[in-house]
Amino acid sequence: MEIKSVGIIGAGQMGNGIAHVMALAGYDVLLNDISQDALDAAIARIDKNLERQVQGGKVTPSDKADAMGRIKSTLDLVELGQSDLIIEAATENEAIKQKIFDALLPHIKDSTILTSNTSSISITRLASRTDRPEKFMGFHFMNPVPVMQLVELIRGIATDQETYNSCLTVVERLGKTAASAEDFPAFIVNRILMPMINEAVYTLYEGVGNVESIDQSLKLGANHPMGPLELADFIGLDTCLAIMNVLHEGLADTKYRPCPLLTKYVEAGWLGRKTKRGFYDYRGDVPVPTR
């Protein structure tokens, strides 16, 4: 099946990035959210990020204009029903995702492929509650979407080869690289990345080092472009905690136990960059460590 139109649910950090790359690759995009303010902010963000690419010589002004012209937005989830491919990029909460799919199912075409951008939740379980488990899979982009080259494609137990091939073709048209992952908690990237971040928080919690020394050690000692605590703030500490909980519950291994300090930061509402405070305080001109 040739995919021409893409519906994206959720206009946040991931959703607007996915809309950006899809439109630039020539797909007609319909972006949905429950908030008009979120949709307006997403369109403005896409325009700004495309302009940055124009200034950097990666995109022509006409390419930018064409891409912006391919993006439409809607508050009505039902309008996504005629899309060839739907990518759910809502909050990393299984109950919310399930509610979205339940509302969407009566309105979609028989041929529509349903996917989720979940970073950790079982694709098989999400798919089993729909009318098309064979046409359902994980389509996990990395953040920031316009910059990161990898997309994890995750097959549920029922996903058929045609669906996988269709999604693989989309990834290739985006100019990105697909990694095929099996449907186990957190898949590949977050199965490896999140325990490293969690261990960095334990290192802070136990007083082995402070925020600055931990991040500096990994940047200069392991050649990481960002320190693990800086990266956690960028991802969102609530997302990090949610993924650690999925790993801990799904694999029943104590090595995945979320650090109590990570839980405490989330309880405080210090979720990282998006709330202006996490392991760093972003309210001033320069980020300042909070511990």
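Looking at the range 5-21, which of its residues are closer than 22 Å to ASP37 by Cβ and either among the β-branched types (Val, Ile, Thr) or surrounded by 24 or more Cβ atoms within 10 Å (Cβ to Cβ) (or both)?
Correct list: GLY7, ILE8, ILE9, GLY10, ALA11, GLY15, ASN16, GLY17, ILE18, ALA19, HIS20.
Does ILE96 fit the bill of being assigned by TED's automatic domain parsing to the domain that holds SER119, touching a strand residue (DSSP E or B) at 6+ places or on another chain (Cβ under 7 Å) and of a type in the set (A, V, I, L, M, F, W, C)?
Spelling it out, it is not the case that ILE96 is assigned by TED's automatic domain parsing to the domain that holds SER119, touching a strand residue (DSSP E or B) at 6+ places or on another chain (Cβ under 7 Å) and of a type in the set (A, V, I, L, M, F, W, C).
Restricting to the range 114-139, what's the tally of residues that are touching a strand residue (DSSP E or B) at 6+ places or on another chain (Cβ under 7 Å) and either buried (at least 20 other Cβ atoms within 10 Å of the Cβ) or in a strand (DSSP E or B) (or both)?
Of the residues in that region, 14 qualify.
From the list SER73, SER111, SER62, which residue is surrounded by 15 or more Cβ atoms within 10 Å (Cβ to Cβ) and hydroxyl-bearing (Ser, Thr, Tyr)?
Checking each option against the conditions leaves just SER73.
Given GLU92, GLU2, GLU51, GLU88, which one is crowded, with 18+ Cβ neighbours inside 10 Å and either modelled with pLDDT under 95 or over 27 Å from LEU168 (Cβ atoms) (or both)?
Answer to the selection: GLU92.
Within the bounds of the range 183-192, is there any residue that is over 21 Å from VAL147 (Cα atoms), more than 16 Å from the chain's Cα centre (by Cα) and not acidic (Asp, Glu)?
Checked against the condition, which is being over 21 Å from VAL147 (Cα atoms), more than 16 Å from the chain's Cα centre (by Cα) and not acidic (Asp, Glu), the range 183-192 yields at least one hit.
Tell me, which helices (runs of 4 or more DSSP H) lie completely within the range 140-241 with 2 or more residues that are buried (at least 22 other Cβ atoms within 10 Å of the Cβ) and outside the structural domain of SER83 (by TED's automatic domain parsing)?
Filter on the range 140-241 gives 189-205, 211-221, 228-235.
Step by step: first the residues of the range 80-102, then only those that are of a type in the set (Asp, Glu) and without any contact (Cβ under 8 Å) to a residue 60 or more places away in the chain, then the one that is farthest from ALA42 (Cα to Cα). Which residue is that?
My answer is ASP102.
Each row is one residue, and each column tells you yes or no for (1) of a type in the set (Lys, Arg); (2) closer than 22 Å to ALA90 by Cα; (3) in contact (Cβ under 8 Å) with a residue 24 or more places away in the chain; (4) touching a Ser or Thr at 6+ places or on another chain (Cβ under 6 Å).
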position: ASP215; (1), (2), (3), (4): no, no, no, no
position: GLY221; (1), (2), (3), (4): no, no, no, no
position: LEU229; (1), (2), (3), (4): no, no, yes, no
position: THR239; (1), (2), (3), (4): no, yes, yes, no
position: GLY250; (1), (2), (3), (4): no, yes, yes, no
position: LEU271; (1), (2), (3), (4): no, yes, yes, no
position: ASP281; (1), (2), (3), (4): no, no, no, yes
position: VAL286; (1), (2), (3), (4): no, no, no, no
position: PRO289; (1), (2), (3), (4): no, no, yes, no
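When both residues are 6+ apart or on different chains and their Cβ atoms are under 8 Å apart, which pairs have a first residue that lies in the range 187-200 and is of a type outside the set (Ser, Thr, Tyr), and a second that is surrounded by fewer than 16 Cβ atoms within 10 Å (Cβ to Cβ) and assigned to a helix (DSSP H, G or I)?
PRO195/LYS255
The values are calculated or read from the model by the stated rules, or taken from the named source; none is laboratory data. Predicted model, so just to flag it, every value in this text is computed and none were measured. No Cβ is skipped: glycine too gets one built from the backbone with ideal geometry, and neighbour counts run over all protein chains shown.
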